[in-house]
Structure formats: structure tokens, C-alpha cells
Amino acid sequence: MVAHGALDLLRSDMPQSNDADAAQDSRSRATLADGLSSGDAVGSDLLAQAEGRSMANSEFYSPIPDGYKKGNHKYVVILGTVMSGLGKGIFSSSMAKVLKDKGLRVAPIKCEGYLNIDSGTLNPYRHGEVFVLDDGTECDMDLGTYERMLSQNLTRRNFVTSGQIYSEILDRERQGVYLGRDVQMIPHVTGDVKRRLRELALRGDGTGPADIVFVEVGGTVGDYENGFYIEALRELAFEEGPGSVCFVALTYVIEPKALGEQKSKAAQLGIKRLMESGIQPHLIACRAGGVVDHKVMEKIAMFSNVSMERVFSMHDRESIYTIPDELRNEGLDREILSILNLHDRVDVRQEDIARKQWATFVDGLTAEKKHSVKVAITGKYADLMDAYASIQKSLEHCGAHFRCAIDLHWIDTTGINDSTVVDQLGSYDAVIVPGGFGSRGVEGKIAAVRYCRESGTPYLGICLGFQVAVIEFARNVLGIKDAYSTEFDPMCGSPLISELPDQKKIEGLGGTMRLGAQDVAITPDTLASFLAGGKKSIHERFRHRYEVEPKYIDQLEAAGLIFSGRHPEQPIMQMLELPSVSDDKDQITHPYFVGAQFHPELTSRPLTPQPMFMGLVAAAMATKYQGDETAWKDLYSSNGALRTWLYTRKNGHEKHAVK
């Protein structure tokens, strides 16, 4: 084992772990010190025989963090077979929610096999949207599913890639941490995986250690790139002992159209591949379009050594938010509690409260809707809905609270221009221009902004949608025809949007991207202030590089554009709006025109929808139904959410649509 003195010497020459630094630059490598926390500890009977020998002479390497006690923490491991894209994250987060509702503290982690350090550079067409955490980590969209389902903010500790692990191990090797050992996939890479899982178990959800760590392994069993995760989890189960790890195999039951019946062979072979890795699943969840036939599940149970009461049909549902209740009804929670011996940690009273709150949301989600609105999402990734998954979910949350059906349409802005925009957007009750990088489709977004501003269509601009709103206003209100962004044309004549020269100094970033949660100072007596509940400051997540050029701010505001959210200390604009009412007949007004440099969709939760989306849907309902005075009064008086979120201002006082 490594002597304490050697570890202290190594630590003294190495940078220490700092979550604040990680928040500023998600692409920085994790610090070397993380890998040295208690590398000399012996944490299980399996490792006891290695005591007294140096790491160079022992084949064992399974770091145990200080304070970790075997048996205090349990693990649920979700592995996919047959193919990827089965919804492991949805299943895992749903099951984690059911157990969290029972009073257990849960901590999820997504283990990715790709060599990227994070998801920041991945094309949405390959991997869906990039989800950004509070600490600036750019990660897989599944972490968004976990945050929404658990109503729990995650950190970099909840996401790991092969690239992160290999990078850290190679850094340690160069520092001499392994003391002459030949560094190998087993035990060093697998040991590092186990270290991360145990450290996460100790940290838990940030408020205390986890009762259960949910481990989702990306990809499919049999992939070369995730093989070391599966081996590490086999080792973890052995070291932690019986009743500590529950393995769940998520498989797929095919139903070829030519046959017209479900077939189990692919599922059988996929689970067999998992068993060949030394892992016996405790539970099997069968994905399928329709309810999985009982005989099919019997075949799968027989070939996988799993009893029938632990084989479940995970067929398609109307919404992912109905899945937690379905899992509970199937008894999956009881089976996991039995496997992990956790029945004595259940808080029945808390579970009753949590279930009642969730049932109210699900009832609003699934109830028959008497009203509906059409919303257009105008972006460059219109062919892939996963590119805007968080926006879609944010609107779904709103629909449940308003009990209003939201008819979403994705429109490719590369096909929009000033001559076609009315035909393409004229039938919509609201328009969202989302974020994006690169120049493709930008002119179409600018045309969409102009249409919304001039027609009074409720508008929400997110990140790039905020920036193009500034460009459009400068071009068509101020008359600055060459207004543009240096992102798209570094030599443009009037750079309304640019990368500020002192941005790196202002934010203290390791790079030029502003990533993660930042404070936004809110201007009183504005729409932004109303949406923020009167707060003077809000905390929102950013992912961008370019800002509004400060020298144009006074000119923009003099023409009627309101920057209602700003950086607390620097001239960085973070929210904009147009006034809804004005005594000046020449003043530009709009029922709901708002933009945010941050990404509000990243913080929307089922029980607490993001206010900017709630305001948008309320304005869309007013746009559609206010024409019929009698019907509108009935709708307004019967819909509490609508009364809460529909709002205009005049002379600093609230003015509701119906008195």
C-alpha cells in the first residue's frame, strides 16, 4: 500500500479539487487529488490480505474514501441490452424518484463510454441536447431527466466519461502515484470507477450521504467502450457483499411487422451476454411498444434465472411522468427494497405527501384538455426533437398546470425569410427561438423575431434567441442595417453582439464560455420582475460566449428595448423585454416579448415550471381566446394558473386581462 508520507508529498505538489473552478470550466481535467483521497485505505475483506504490502507488490487496487462504511450505501445498476436508446435514463430516474419519495436519499450517476471529457463538443444530431449543470458541467441529456424527475440539482460528480477516467489515471501515472506499478485496465481503471461511485455515495445529494446510488451505464452490454464499467460493477458487487447491489437489465422485446407477434430471442441473447460478464440480473425490465405478453416474459425469466415477479413490462406510456406510478403499481419498488434490505429506512408519511403532490401534477398532465395552443420552436435542429428536449419538457410542465394541450411544432429556420415568415408562423399562438451555435439558420431566426414583434405574437428568445432579438431590433427599429454578431461575421460593420475583450477577466473563466449558474440582477417594475416573483436577483444557467456590445445599450434602450436582467457588476445584458403597455402612443408595446441570455429550460421542474415558459403559455392562451369575450371570461375565472401568470403593466401597477 502507499505510505502516508508518500501521499502527502504527492498531494503537496498537486492542485487541489475545487468545485468552484470546475464550475467555471467544465472541460478542465478533474484534479489529481481526487484520485488520492484515501488510496491507502483497506475497505473490504477482499482487500484485507493486501495490508502490509506496497501497491507495487499487490494486485489489489480498490480505493476506499475516508469515512466510507460498507453496508451504509446501496447501489442499483441499470444496464441495457439488445440496443441503445431504450430509455435507461427514464427508467432509472423514475425508479429513483419512487424510492426518494419513500424518504431515501438517492444519487444518480451516468457512466459514458466515449472518450470526450464532457458532452460540450458533441453535435446534437449525434447525442441530443447538451445539458448544463449548476457547476458548469456539460453533460448528457439524461442528467436533465434525473434533475426534472428528482427535483434535485446534480454536479460533475454525477457524470463520468471514459475520457475523464483515462485522463486522470494518466496524469497520476506521470506523477508517480502508482509507485512503479504497470497501470492496467484491471485493477486501476476499474478501481477508479469504484472510487468515484463510493465518493458519490458519501456525498449523496449534497445534503447527506446517499442511501442508494443509481448507476446508469451508457450504451449496450457488449460494447467495447463500456466493458470496463461492467467489470468494475461486478467487482463492486463482490466487494460490497450480498444485498448491496441490485442489477437491473433493461432489454427490448421485438415485434416484427411481418410476424405480428412479440419475440423474446433478442432479449434472451442480450441478457445472456450480461451473464457472461459475470453479472446475474436481479430484475428485468422489458421495453416494447405495447404491453409485453406474459408468455414472452416467462421465456425471458426462464433463460435468465430471474423469477417472474421480478420481470416487468416497460411498454410505451403517454408521458414519462406517468412511469413512477406505473413502477410502484407493478411492485418494482418493493422488490428493490427487499433485494437491498432497505424496508426499515422507508418514511411512510413522507411518501404519502410526495405521492399526493405528484398525483396532482399527473392528473393535470393526463386530464382531458378543453383548451389548446400551438407553439412553434424555430431552430436549426428541427429534424431532431431531442436537440430541444428540455424546452419540450418545460412546455409539458406548463401544460399540466394550465390544463391546456400544447401543440408543439419544430420549424427549420433555414427555410424562413421575410417573404415566407407569415405563411410559416401565422397560425401559431406563440414562438420560441432557442439557442444554437453557428450561422446556419440565423437570418431565418431574425425574420421570426421581426414577425413576432410586429404581429404581437408571444415570443420567448433563449440564448441565441436573445441575441437575434437584439440584432432584429437594431436593424428594423434603429435602422442599423448591418447589425450582426461577430460569431457569424467577425468583420461585420455594426457588431451588436460580440465577444467582449475583457470577458475572460470579468468572469474568471478558464475559457471564453460562460458556463453554469450565474446571478442575474432584475430591474424592478418589469415583466422580468413579475416572472421572478418580485425577487431582485435570480440564479440561472448559462452556456454562451457572445454578449450585447455595451456601446449600443443606451441607443437600444432609448428606442424602447428594456434590458430587465443584467450582470450584478458588469455591463452584461442577460434579459430583455418590450413593454406591454405605454402611455406614449409611439412607444413599441407587446403582450409578451421576452428574451434570456441564459437557458431557462434547464431549471424547469414538473412541480415548479420555469416562470418564463408559464408566462409564454398564459400569453398564448390570451392571444387565442380573448377574441370571444364570454368564453374568455369563463376561462380566466376558472383557471387559477392563468390568473397567476397572465400579466400586463401600466404606470407600475398590475392590470389583469379581466377585472
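The values are calculated or read from the model by the stated rules, or taken from the named source; none is laboratory data. Please read these numbers as outputs of a predicted model, since none were measured by experiment. Glycine gets a Cβ as well: all are built from the backbone with ideal geometry, and neighbour counts include every protein chain shown. Remember, those area values only see protein heavy atoms, side chains included, never the ligands or the DNA or RNA. Shrake-Rupley method; radii C 1.70, N 1.55, O 1.52, S 1.80 Å.
Remarks
- Measuring nothing but how far apart in sequence close Cα pairs (under 8 Å, 6+ apart) lie, relative to its length, the chain scores a relative contact order of 13 percent.
- Percent antiparallel among DSSP beta bridges (both partners in the range 296-416, rounded to 5): 0
- Pairs from the list 110/265; 74/272; 380/624; 100/257; 481/633; 445/624 with a Cα-Cα gap above 32 Å: 100/257; 481/633.
- The phi-based Karplus calculation (6.51 cos²θ - 1.76 cosθ + 1.60; θ = phi - 60°) puts the 3J(HN,Hα) values of the range 351-361 at 4, 4, 5, 5, 5, 5, 5, 5, 4, 5, 5 Hz, whole numbers, x for Gly and Pro.
- When 352, 118 are compared by accessible surface with a 1.4 Å probe, the order from highest to lowest is 352, 118.
- The calculated FRET efficiency for residue 525 paired with residue 345, based on their beta-carbon distance and R0 = 56 Å, is about 0.70.
- Treating r as the C-beta distance of residue 254 and residue 494 and R0 as 35 Å, the FRET efficiency rounds to 0.05.
- When the square roots of the Cα gyration tensor eigenvalues are ordered a ≥ b ≥ c, the ratio a/c for the range 89-201 is 1.5 or more and a/b does not exceed b/c, which makes its shape oblate.
- The candidates 147, 235, arranged from most to least accessible area with a 1.4 Å probe in the full protein assembly, appear as 235, 147.
- Cα gyration tensor shape for the range 533-659, rounded if a/c is under 1.5, else prolate or oblate: oblate
- Taking the range 86-165 and dividing mean pair separation by its residue count, relative contact order in percent (alpha carbons under 8 Å, at least six apart): 40
- The HN-Hα couplings worked out from phi for the range 324-341 by the Karplus form 6.51 cos²θ - 1.76 cosθ + 1.60 (θ = phi - 60°) are x, 5, 5, 5, 5, 5, 7, x, 5, 5, 5, 5, 5, 4, 5, 4, 9, 6 Hz, whole numbers, x standing for Gly and Pro.
- Probe 1.4 Å - accessible area at residue 388, Å² to nearest ten: 10
- Ordered by 1.4 Å accessible area with all protein chains kept, 339, 432, 588 run largest first as 588, 339, 432.
- Less than 5 angstrom separates the built amide H of residue 287 from those of 251, 252, 253, 314, all sequence-distant by 5 or more or on a different chain.
- Residue 529 exposes around 20 Å² of accessible area when a 1.4 Å probe is run over every protein chain in place.
- For the range 335-416: rounded, prolate or oblate by the Cα gyration tensor [a/c cutoff 1.5]: oblate
- Correct option for volume of the Cα convex hull per residue in Å³ [calculated from the coordinates] among (i) 188; (ii) 172; (iii) 149: (ii)
- Between helix 88-101 and the chain: long-axis angle, C-alpha atoms, 0 to 90°, nearest 10: 90
- The amide H of residue 496, built 1.01 Å from its N in the peptide plane, has 484 as neighbours under 5 Å, considering only residues 5 or more places off or on other chains.
- Here the relative contact order of the range 421-552, from alpha carbon pairs under 8 Å that lie six or more residues apart, stands at 19 percent.
- Peptides 551-557, 104-110, 307-313 ordered by average Cβ neighbours within 10 Å, highest first: 104-110, 307-313, 551-557
- Solvent-accessible area, 1.4 Å probe, carbon plus sulfur percent, for the chain: 48
- Value of [θ]222 nm, deg cm²/dmol, for the chain, DSSP H segments ≥ 4, -39500 (n - 2.57) each, nearest 500: -10500 deg cm²/dmol
- For residue 196, the solvent-accessible surface computed with a 1.4 Å probe is close to 40 Å², ligands and nucleic acids excluded.
- Put simply, the amide H of residue 516, placed in the peptide plane, has neighbours under 5 Å in 136, 542, leaving out anything fewer than 5 places away on its chain.
- Phi angles of the range 66-76 translate, via the Karplus equation with coefficients 6.51, -1.76, 1.60 and θ = phi - 60°, into HN-Hα couplings of 4, x, 7, 10, 4, x, 6, 10, 10, 9, 10 Hz per residue; Gly and Pro are given as x.
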